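This report concerns only the one structure given below.
Taken together, the values in this text are just the output of simple stated rules run on the coordinates, not laboratory data. Just so it is clear, the model here is predicted, and its values are computed rather than measured. Virtual Cβ from ideal backbone geometry, glycine too; neighbours counted across all protein chains shown.
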Amino acid sequence: MTIEMVRRTVRRAPGLHDTRHRNYSSAVRVGPIVYIAGQCGPDENGKVISPEFDPQVRQVLLRVKSALESVGASIADITNMTCFLTDPTLGRRFLELRRDWYGDSFPDDNFPASTTLAVKALLAPTALIEVQVQAVISDKAESIVV
């Protein structure tokens, strides 16, 4: 199958801002493969939700879930997660919050692959975390871009 043969549909995920003016999509689905662009923790006005780490993480993960669901995927479909932290000392806390967010999505602790990187800064100056994911959905053929 070539990319030209795959049908693409554009939708705006609930809770995510329209990113077309920035020349990218928040979520792209091609057949069963899903790519979620890096998500930070803005509120409905585009401002980072809080200067505190925990609320930012919860908002980021809520946005990731919303993006996944907008293209027919779920947390359980995640195959890879890349996390960017501006403070490496927050890594252990992020792991705790992510474990709670995963819930029962990964029986027998069969978690997705993951990389966590410490970075000097993110584009949103007060953002402490950004997360991007890839997922694979079984038995799906439609392609959706959000």
*Cut-off 15 Å between beta-carbons: net charge of the residues surrounding A127, Lys and Arg +1, Asp and Glu -1*: -1
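Can you check what the net charge comes to around F53, using other residues whose Cβ is under 12 Å from the Cβ of F53 (Lys, Arg +1; Asp, Glu -1)?
Numbers: positive: R58, R92, R93; negative: E52, D54, D87, E96.
Charge balance near F53 sits at -1.
Once you have the Cα-Cα distance between S114 and T126, take 0.36 nm times their residue separation minus that, and quote the gain in nm to one decimal.
On the way: separation 12, 0.36 × 12 = 4.32 nm, distance 2.37 nm.
Extra length from S114 to T126 when fully extended: 1.9 nm.
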*Counting other beta carbons within 10 Å of each Cβ, put T79, T126 in order, fewest first.*
T79, T126
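Would you tally the net charge around L85, using a Cβ to Cβ cut-off of less than 10 Å, leaving L85 out, and scoring K and R as +1, D and E as -1?
-1
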*Return K65, K120 ranked ascending by Cβ neighbour count within 10 Å, so the fewest neighbours appear first.*
K120, K65
